[in-house]
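The values are calculated or read from the model by the stated rules, or taken from the named source; none is laboratory data. Owing to the predicted nature of the structure, the values given are computational and were not obtained by experimental measurement. A quick note on method: Cβ atoms are made from the backbone with ideal geometry, for glycine too, and the neighbour counts reach across all protein chains shown. For accessibility, only protein heavy atoms count, side chains too; no ligands or nucleic acids. Shrake-Rupley method; radii C 1.70, N 1.55, O 1.52, S 1.80 Å.
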Amino acid sequence: MALHPQIAQVLANLPAPPEGPLDPAAMRAAEESQVAPVEERLPLHAVEDTTAQTASGDVPVRIYTPVDADSYGLLVYFHGGAFFLGSLDTHDHVARNLAAETGLKVVSVGYRRAPEAAFPAGLQDCLGVVRWAAENGEALKWNGETLALAGDSSGGTFVAAVAAMARDEGFDRITHQVLYYPSLDLDFDVDRYASLRENAEGYGVETAGLKGFNSFYVDSGADPADPLVSPIKREDLTGLPPALIVTAEFDPMRDEGELYGRRLTEAGVDATVRRYAGANHGFVQNFSWIPEFHRAFEETAEFLRQARPGRGGVMWCRT
């Protein structure tokens, strides 16, 4: 299948990137300038900005309550952005859609980013907020059951890493993990995954730019050989929560996400892998207004209702 025509049209009209080194401040400002006004966003019962007090310090969070209810399952969301971009605002629409489709109360994490914050500050913030959510279940009206993690792109990296950190620390409250087109191997060895060559250019995120975009994170102390940086390099994947891994047909990082799904099932973890035909990297954030790609939120809801630990199978689907 070809790249979806509406995605292709948007990509064809994008201006050429500025020459010279990447400028985090300018790129962040450009992202923030595209955020929709509050009155144009998907309405929910309540959206609240607050602060989570964690072992790594105070972390800004935004809490999305889909409807008025006595109790809720929780979903902690980590936004993407190559570890140096993205914010509570740029990914507000993703969190709203997750809340609306799943019916869960969503806690979006404003974790510290590279290059200002050295590794592993962002990871510590994310794990800290997960623990904070569980410890403050009464205030959040948590039902004590579902405590899911979800993240897109580098946020998906954090989901895999946080799930592993929690397991190693004996924190067993996480029930699900959802990874949208995750970056799981920061070596970016073009000989390791065919998709790095097949989808090298012309689809938005390009293979040649991956090292540069992730350099802020790596230069802050994130070693690509470390399984917390490249979760696919973790040897022992047993005991991790059931996983939904959503990949995009035209994403350079497609194959590492799908390999991670296979490795999870080999370790006895229930893993569902969904490859979206015609999609590119970032489609959940950038193109979920297209009905067939909004389906990713609906599939997330179905997964969270159905998946349970210990089934140890992998289901593949191309959507």
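Of the residues PHE188, PHE216, which single one is under 22 Å from GLU116 (Cα atoms), of a type in the set (Phe, Trp, Tyr) and touching a helix residue (DSSP H, G or I) at 6+ places or on another chain (Cβ under 7 Å)? Steps first, answer last, please.
Details: PHE188 fails: under 22 Å from GLU116 (Cα atoms).
Result: PHE216 is the single residue among PHE188, PHE216 that is under 22 Å from GLU116 (Cα atoms), of a type in the set (Phe, Trp, Tyr) and touching a helix residue (DSSP H, G or I) at 6+ places or on another chain (Cβ under 7 Å).
Only one of LEU264, LEU259, LEU210, LEU228 is under 18 Å from the mean Cα position of the chain (by Cα) and closer than 20 Å to LEU304 by Cα. Can you tell me which?
Working: LEU259 fails: closer than 20 Å to LEU304 by Cα; LEU210 fails: closer than 20 Å to LEU304 by Cα; LEU228 fails: closer than 20 Å to LEU304 by Cα.
Only one candidate passes the filter, namely LEU264.
Where residues in segment 238-277 are free of Cβ contacts under 8 Å to residues at least 60 places away in the same chain and among the aliphatic types (A, V, I, L, M), which of them is nearest to PHE171 (Cα to Cα)? If we take residues in segment 238-277 being free of Cβ contacts under 8 Å to residues at least 60 places away in the same chain and among the aliphatic types (A, V, I, L, M), then VAL269 is nearest to PHE171 (Cα to Cα). Say whether the condition of being open to solvent by less than 80 Å² (accessible area, probe 1.4 Å) and closer than 18 Å to GLN285 by Cβ is met by at least one residue in segment 55-63. The answer is yes, given that some residue of segment 55-63 is open to solvent by less than 80 Å² (accessible area, probe 1.4 Å) and closer than 18 Å to GLN285 by Cβ. Of the numbered criteria (1) surrounded by 15 or more Cβ atoms within 10 Å (Cβ to Cβ); (2) basic (Lys, Arg); (3) modelled with pLDDT of 95 or more, the one ARG262 fails is (1).
Checked against the criterion of being within 22 Å of ALA150 (Cα to Cα) and outside any loop (DSSP other than H, G, I, E, B), segment 35-43 has no qualifying residue.
Restricting to segment 133-166, name every residue that is part of a helix (DSSP H, G or I) and either under 19 Å from THR90 (Cβ atoms) or more than 19 Å from the chain's Cα centre (by Cα) (or both).
Taking segment 133-166 first, the residues part of a helix (DSSP H, G or I) are 133-135, 137-140, 154-166.
Selection gives ALA134, GLU135, GLY137, GLU138, ALA139, LEU140, SER154, GLY155, GLY156, THR157, PHE158, VAL159.
On the given criteria, is GLU206 closer than 18 Å to GLY282 by Cα and at pLDDT 95 or above? Here the answer is yes, as GLU206 does meet what is asked.
For segment 168-204, a residue qualifies if it is surrounded by 18 or more Cβ atoms within 10 Å (Cβ to Cβ) and either among the aliphatic types (A, V, I, L, M) or not in a loop (DSSP other than H, G, I, E, B) (or both), and the qualifying residues are ILE174, HIS176, GLN177, VAL178, LEU179, TYR180, LEU184, LEU186, SER195, LEU196.
Scanning segment 238-283 for residues that are part of a loop (DSSP other than H, G, I, E, B) and not aliphatic (A, V, I, L, M) yields THR238, GLY239, PRO241, PRO242, ASP251, PRO252, GLY268, ASP270, HIS281, GLY282. Taking residues in segment 117-132 that are closer than 15 Å to PHE84 by Cβ, and partners anywhere that are assigned to a helix (DSSP H, G or I) and of a type in the set (Gly, Ala, Ser), the pairs with Cβ atoms closer than 6 Å and at least 6 places apart or on different chains are LEU123/ALA161. Exactly one residue out of ARG234, ARG254 is modelled with pLDDT of 95 or more, in contact with a Ser or Thr (Cβ under 6 Å, 6 or more places away or on another chain) and open to solvent by 10 Å² or more (accessible area, probe 1.4 Å), and it is ARG254. Restricting to segment 1-34, and then to whatever is assigned to a loop (DSSP other than H, G, I, E, B) and open to solvent by less than 50 Å² (accessible area, probe 1.4 Å), can you tell me which residue is nearest to ASN214 (Cα to Cα)? Here the answer is LEU3. Criterion applied to ALA225, ALA307 was being among the hydrophobic types (A, V, I, L, M, F, W, C), at pLDDT below 95 and either open to solvent by less than 30 Å² (accessible area, probe 1.4 Å) or over 30 Å from ALA8 (Cα atoms) (or both), and the one residue passing it is ALA307. For segment 246-288, the set of residues classified as β-branched (Val, Ile, Thr) and closer than 15 Å to GLY80 by Cα consists of VAL246, THR247, VAL284, listed by residue number.
Tell me yes or no: at least one residue of segment 8-21 is in contact with a helix residue (DSSP H, G or I) (Cβ under 7 Å, 6 or more places away or on another chain) and on the phi < 0 side of the Ramachandran plot. Checking segment 8-21: not a single residue is in contact with a helix residue (DSSP H, G or I) (Cβ under 7 Å, 6 or more places away or on another chain) and on the phi < 0 side of the Ramachandran plot. Selection of segment 142-167 for residues being more than 22 Å from THR102 (Cα to Cα) and surrounded by fewer than 24 Cβ atoms within 10 Å (Cβ to Cβ) yields ALA164, MET165, ALA166, ARG167.
When segment 83-129 is examined, which residues are found to be of a type in the set (A, V, I, L, M), within 21 Å of PHE293 (Cβ to Cβ) and surrounded by 20 or more Cβ atoms within 10 Å (Cβ to Cβ)? Show your work before the answer.
Looking only at segment 83-129, we keep the residues that are of a type in the set (A, V, I, L, M), and these are 85, 88, 94-95, 98-100, 104, 106-107, 109, 114, 117-118, 121, 123, 127, 129.
Keeping just the survivors that are within 21 Å of PHE293 (Cβ to Cβ) gives 85, 94-95, 98-100, 104, 106.
LEU85, VAL94, ALA95, LEU98, ALA99, LEU104, VAL106, listed by residue number.
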